Amino acid sequence: MRPLGVTLVGFYQILRGVIGLCFGFSILLFTGLIARITPLAVEGGAIERSMHSLGHAAGVIVIVFGLIHMLAGYGILQMENWGRLLTLLFSAIGLMVLLPGAVHGNIFALFFAALNAVCIFYLAMPPIKRAFHAEGNRMQMAA
């Protein structure tokens with residue numbers, strides 16, 4: 001039986017992944033539009049190429065992170081320890097990225113930093129850690 005908090009963390013990770021995918025694809029879409037508009041404003045191709053390359057790389061990176069968040073959410077919902085570890089890692093990275101905005105009082109940064117901190121503390125709690133290890137041992141015994 002999966003604890004309710006684990007289910008919530010898993011769905012939160014999947015939601016983060018879906019939002020990341022939408023954001024990444026929108027970056028790719030707007031990068032393509034900007035690449036078409038930039039030659040009208042700037043003569044020469046160096047700026048155009050660099051804008052397109054930078055936007056394309058950023059979009060792909062955001063999409064990859066979104067997919068990893070979704071994979072971590074799936075692992076959490078399946079009570080896999082690798083999903084818990086991946087979620088801990090990406091929640092810690094998210095907390096570090098949001099910390100400067102949270103220090104300056106950005107309400108969204110504070111909210112999402114708090115969510116990341118709650119995920120970290122919850123998944124690091126000994127009973128939850130044991131639940132993931134116990135579930136993994138049961139699956140290995142069945143195989």
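The values are calculated or read from the model by the stated rules, or taken from the named source; none is laboratory data. This structure is a prediction, so every number in the text was calculated from the model and none was measured. Cβ coordinates were reconstructed from backbone atoms using ideal geometry, including for glycine residues, and neighbour counts include every protein chain displayed. The protein model used for the area step is the full one, side chains on, heavy atoms only, and it has no ligands, DNA or RNA in it. Shrake-Rupley method; radii C 1.70, N 1.55, O 1.52, S 1.80 Å.
TYR122 passes every criterion in (1) at pLDDT below 95; (2) over 17 Å from the mean Cα position of the chain (by Cα); (3) assigned to a helix (DSSP H, G or I) apart from (1).
On the stretch given as segment 1-26, residues that are among the hydrophobic types (A, V, I, L, M, F, W, C), in contact with a Gly (Cβ under 7 Å, 6 or more places away or on another chain) and open to solvent by less than 40 Å² (accessible area, probe 1.4 Å) total 1. Residues in segment 125-143 that are modelled with pLDDT of 90 or more and of a type outside the set (Gly, Ala, Ser): MET125, PRO126, PRO127, ILE128, LYS129, ARG130, PHE132.
One line per residue, one yes/no per condition, for (1) out of contact with any His (no Cβ under 7 Å at 6 or more places or on another chain); (2) under 17 Å from ALA117 (Cβ atoms); (3) of a type in the set (A, V, I, L, M, F, W, C); (4) modelled with pLDDT under 95:
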| position | (1), (2), (3), (4) |
| --- | --- |
| LEU40 | yes, no, yes, yes |
| ILE63 | yes, no, yes, no |
| HIS69 | yes, yes, no, no |
| LEU77 | yes, no, yes, no |
| GLY83 | yes, no, no, no |
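When segment 73-87 is filtered for residues that are surrounded by 19 or more Cβ atoms within 10 Å (Cβ to Cβ), under 13 Å from the mean Cα position of the chain (by Cα) and not polar (S, T, N, Q), the ones remaining, listed by number, are GLY73, GLY83, LEU86.
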